[in-house]
Each structure stands twice: as structure tokens, then as C-alpha cells.
Amino acid sequence: MPTHVPAEAEGDERGALLNFLEAQRGGLRRAVLGVSDQQATQRPSASGLSLFGLVKHVAEVEQGWVAMAQGRPQPRSPETYHLSFEREGDETLAGLLAFWDDVARDTEKFIRSVPSLNDTFPLPEAPWYPPNARQSMRWLVLHLIEEAARHAGHADIVRESLDGKTAFGLVDEEQAAREG
């Protein structure tokens with residue numbers, strides 16, 4: 001991660017976790033700076049991943065985990081999970097980023113509203129979870145950080161394969177755009 005995560009207010013664990021989550025989201029957002037919809041769907045590396053697919057997947061996974069913690073239905077079924085990596089219909093990168101901004105606001109609102117980060121929610125029945133497993137809200141945010149960080153790294157590789165731009169160069173571009 002080539003940026004500094006600002007210190008939270010003393011003792012503000014929620015703020016610290018949410019700041020680190022936003023920092024990892026930033027890595028993915030920077031990976032698509034100046035990229036067209038057509039470029040975003042290219043798969044220039046051996047993995048077959050696209051920038052569009054990575055951003056969409058991370059946004060939808062975040063939405064899904066928060067929905068699970070809230071006891072709401074999942075937005076994707078196991079049968080449509082693979083579509084979280086695909087551009088569907090008339091989706092655009094700008095629309096996807098706006099959707100992700102909404103998801104991020106919902107995540108922050110939810111995490112700030114729970115009485116305690118120690119509160120838990122049930123995980124679904126699945127072969128990869130222990131029976132009757134529960135996880136804390138703290139675990140949820142840490143998992144979202146992990147998910148965003150893993151795919152931000154993938155996005156760095158895809159972007160560099162696409163046009164040679166690296167994460168550090170994109171940080172400079174983002175900074176220049178803010179100042180300009």
C-alpha cells in the first residue's frame with residue numbers, strides 16, 4: 001500500500017478499521033484512474049482478471065457481507081457468483097464506482113451503528129465454515145480489508161500489464177489531479 005492511513009481518534013477502533021478499509025478501496029480505485037470502459041474489461045495478464053471485474057467483485061462482496069451481517073438476503077446466488085467478475089449489459093465503470101461509493105457509505109453507516117464490534121452474526125451453512133459458525137463485526141471489517149487488499153494487488157498487476165502504470169505512479173497522478 002503506497003499511501004499513509006491517517007491516525008484515528010484515540011481509542012476509535014471503528015474509525016481505524018474503516019480508515020484501513022477505505023485505504024484498500026483506494027488502491028483499487030486508483031488502478032482504474034484514466035481507464036476507459038473498454039480498457040477496464042481487458043484481461044492483459046495470465047490470470048484472466050480485468051480491472052472492471054475486480055472492482056465489481058469487491059463492491060459486490062462487500063455488499064454481500066454487510067447484508068449477511070444484517071440478516072438480509074445475499075445479492076448474488078451461488079449460481080450467479082461468477083458474474084461478480086463480469087461486465088453485464090450496459091454497465092459502465094463510472095456507474096460501478098458510484099455503486100461502490102454507495103456500498104461503502106452503507107458499510108460505514110452499519111459498522112458505526114452496531115452497539116459493539118463484538119456483536120456477532122451467523123455464517124451460512126457451507127462446507128468451508130464450521131457448523132453454527134458466528135463472526136464478530138470486527139471480523140467482518142477485517143475480512144473486508146483482506147478482500148479489498150487481495151484484489152487491489154491483483155488490480156496493480158492487471159493495470160501494469162495493461163499500460164505499464166504502477167501503484168506509485170497512480171498515487172502521484174491522483175495527488176496531481178487533487179492539486180490541479
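The values are calculated or read from the model by the stated rules, or taken from the named source; none is laboratory data. It should be emphasised that the depicted structure is a prediction, and the values quoted were computed from it without experimental measurement. Cβ placement follows ideal geometry from the backbone for every residue including glycine, while neighbour counts extend to all protein chains displayed. We work out accessible area using only protein heavy atoms, side chains counted, and drop any ligands, DNA or RNA first. Shrake-Rupley method; radii C 1.70, N 1.55, O 1.52, S 1.80 Å.
Extension gain for the segment GLU174 to TRP128, taken as residue separation times 0.36 nm less the Cα-Cα distance, is 12.7 nm to one decimal.
Look at the alpha carbon pairs under 8 Å that are at least 6 residues apart: their mean separation over the length of region 1-108 gives a relative contact order of 25 percent.
Pairwise Cα distances in region 1-42 exceed 12 Å in 64 percent of cases.
Give, rounded to the nearest 20 debye, the magnitude of the charge dipole that region 105-180 has about its Cα centre when Lys and Arg contribute +1 at Cβ and Asp and Glu contribute -1 at Cβ.
In debye, rounded to 20, region 105-180 gives about 380.
Taking a point 7 Å out from the Cα of VAL5 in the direction of its Cβ, the residues of region 121-145 whose backbone N falls within less than 12 Å of it are 141-145.
Each listed q (0.11 Å⁻¹) maps to a log10 I(q)/I(0) for region 1-109 from the Debye sum over equal C-alpha point scatterers, namely -0.40. Each Lys and Arg adds +1 at its Cβ and each Asp and Glu adds -1 at its Cβ; summed about the Cα centre, the chain shows a dipole of about 280 debye.
Centre-to-centre separation between the Cα atoms of region 29-71 and those of region 137-180: 11 Å. Remark on region 49-101: ratio of C-alpha radius of gyration to 2.2 N^0.38 Å is 1.11. Select from PHE20, THR92, GLY71 the residue farthest towards the positive end of the dipole of region 18-99; place +1 on Cβ of Lys and Arg, -1 on Cβ of Asp and Glu, and compute about the Cα centre. Farthest towards the positive pole: PHE20. Per-atom-type breakdown for the chain gives carbon and sulfur 53% of the accessible area (1.4 Å probe, protein chains only). Here's the picture: charge each Lys and Arg Cβ at +1 and each Asp and Glu Cβ at -1 in the chain, and of SER47, GLN135, TYR81 the one pushed furthest to the positive end of that dipole is GLN135.
Using C-alpha pairs under 8 Å with a sequence gap of at least 6, the mean separation divided by the residue count of the chain gives a relative contact order of 33 percent. For region 103-153, the convex hull spanned by the alpha carbon atoms encloses 92 Å³ per residue.
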